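Here the structure comes first, spelled out in structure tokens, and everything after it is commentary.
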Amino acid sequence: MRNIYIQDPPERPASMSKSATQAAIEETFSFDGPPDAMISVAGKAYLYFGGNGYFGLQADPEVLAATCEAVLRYGVGTATTRTAFTSPPVFEVERRIAEMLGTSHALYTASGYVANQILLESLEKTFDRIFIDEAAHYSLFDAVRKLRGAKRKPITFKHRSAEDLREKLETNLQLHERPIILTDGVFSQHGTIAPLDEYSDLLTHYEGASLLVDDAHGFGVLGETGRGTLEHFGLNTETVNQTATDLMDDLGFDMPTVGSVRTYLTFSLSKAVGGSGGTIPGSESFIQRLKDWSAVYFGASAPASPIAAATAKSLSILTDSTLRQKLQENVRLLRSGLRRIGLEVGDSPLPSVILTLGSSGNMRRLQKRLSESGILIAYIPRNAGLGSQGVLRVAVFSTHTPQMIQELIDALRGAV
């Protein structure tokens, strides 16, 4: 048996020399380590208020250790599809997701992007018309594009507007057509939360209606136990992604019918969770049907074993409610501090704040001034539903100290 513990690894030839452009890109955008409240870029330390690692789990020592241990034990991957063999960390992720959401099962996918495509395609026979928030994530729009047929062309409604959605439903739905609503739970680039309670109430008036939520930025952050945007609005996560038979057993009547709304859920594990991949939680029969149907499940490799191990460890840490308490303390500190320096910032539990401060040139200038002061924030030049000037996005983590947040506020006061 080969010894994988190489004491003195052989020297390897140097990579190709970098072009001036590539060197400049790497110096500007390449992290020297995992993202957290402090980060190094090209050897210089910065306070980091960007990205979406809201609990710093991407840099957590236990998570990094679990990754290294899994590399030595399982290698990088199984080198086969999931229909043949799967490493234990992949199953562990699925068990932990199901436990956290209160479902019996879950499917772990390579990305949240892929999860949306798998889920929507599997639901194609359950709806007739698609209605989608104009600012929904690209992955939802791409998932719709993969569907065929004139009736599959999505009808957009105004961002977070239940009233516009009501008008679009009344105008476009024909008798007995079943609508499905597609939306993010949290719109990270807008700093907004979808009114899922209003959508759910509205859909009760339509036969066979359903609601699909991509909760990439809500899971782990919102809700008393971190179950996400559905829990934030008091909606049940335990009954997401179920078959008609499951719902008939749970509710005592057959589907579809007016007054009942099927709810479907996906989310990414690369944001607050600090791991990688995506997931679809649900009932045993629903998840099994996805596996039986999905070409991805049959044809693609499972998520890499070390990444799965890291994700499982992150999920175990995320059950600690003190992390969310600390994050919410920092959210309040950031938002109140921004208001003190004259910026219009509303009260919200979201850890990201969106600022529009003049032209794109002015916001790029402000971002540059902050970076020269040792603070990194994001300028987003374009995204679905954003204006042509773009926005500045400030994100706070549970790992930021009050002193770090105050340093950001002071730097913004001097730069605005």
Filtering the range 303-318 down to residues that are within 20 Å of Phe85 (Cβ to Cβ) and either open to solvent by 40 Å² or more (accessible area, probe 1.4 Å) or free of Cβ contacts under 8 Å to residues at least 60 places away in the same chain (or both) yields Ile307
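What are the residues in the range 287-302 that are open to solvent by less than 10 Å² (accessible area, probe 1.4 Å) and part of a loop (DSSP other than H, G, I, E, B), if any? Write out each step before concluding.
Kept after step one, since they are open to solvent by less than 10 Å² (accessible area, probe 1.4 Å), are these residues of the range 287-302: 287, 290, 294.
If the condition is that a residue be open to solvent by less than 10 Å² (accessible area, probe 1.4 Å) and part of a loop (DSSP other than H, G, I, E, B), then Ser294 is the only one that fits.
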From the residues in the range 266-286 that are over 20 Å from the mean Cα position of the chain (by Cα) and surrounded by 20 or more Cβ atoms within 10 Å (Cβ to Cβ), which one is farthest from Leu119 (Cα to Cα)? Ser283
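Only one residue in Ser161, Ser200 is free of Cβ contacts under 8 Å to residues at least 24 places away in the same chain, closer than 27 Å to Gly234 by Cα, more than 16 Å from the chain's Cα centre (by Cα) and open to solvent by less than 50 Å² (accessible area, probe 1.4 Å), so which one is that?
On the way: Ser200 fails: free of Cβ contacts under 8 Å to residues at least 24 places away in the same chain.
Answer to the check: Ser161.
Can you pull out every residue in the range 174-198 that is of a type outside the set (D, E, K, R) and in contact with a helix residue (DSSP H, G or I) (Cβ under 9 Å, 6 or more places away or on another chain)?
The first filter runs over the range 174-198 and keeps only residues of a type outside the set (D, E, K, R), leaving 174-176, 179-183, 185-196.
The answer is Pro179, Ile180, Ile181, Leu182, Thr183, Gly185, Val186, Ile193, Ala194, Pro195, Leu196.
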Candidate set from the range 332-360 (those that are out of contact with any strand residue (DSSP E or B) (no Cβ under 9 Å at 6 or more places or on another chain) and either touching a residue at least 60 places away in the same chain (Cβ under 8 Å) or within 26 Å of Ile97 (Cα to Cα) (or both)); member that is least open to solvent (accessible area, probe 1.4 Å): Gly337
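Give me a count of the residues in the range 45-72 that are open to solvent by 70 Å² or more (accessible area, probe 1.4 Å) and in contact (Cβ under 8 Å) with a residue 12 or more places away in the chain. Spell out the reasoning first.
Quick first cut of the range 45-72, residues open to solvent by 70 Å² or more (accessible area, probe 1.4 Å) only: 61-62, 64, 68-69, 72.
Remaining after also requiring in contact (Cβ under 8 Å) with a residue 12 or more places away in the chain: 62, 64, 68-69, 72.
Matching residues across the range 45-72 total 5.
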Residues of the range 361-385 classified as of a type in the set (S, T, N, Q) and open to solvent by less than 10 Å² (accessible area, probe 1.4 Å), total: 0
Residues in the range 101-117 that are of a type in the set (A, V, I, L, M, F, W, C) and surrounded by fewer than 23 Cβ atoms within 10 Å (Cβ to Cβ): how many? 3
Requiring at least 3 residues that are of a type in the set (A, V, I, L, M, F, W, C) and more than 18 Å from Gly282 (Cα to Cα), the helices (runs of 4 or more DSSP H) wholly within the range 51-144 are 61-74
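The values are calculated or read from the model by the stated rules, or taken from the named source; none is laboratory data. Please read all numbers here as calculations on a predicted model, not as lab measurements. As a convention, Cβ positions derive from the backbone with ideal geometry for all residues, glycine included, and neighbour counts pool all protein chains shown. Heads up: the accessible areas ignore ligands, DNA and RNA and are worked out on the full protein's heavy atoms, side chains in. Shrake-Rupley method; radii C 1.70, N 1.55, O 1.52, S 1.80 Å.
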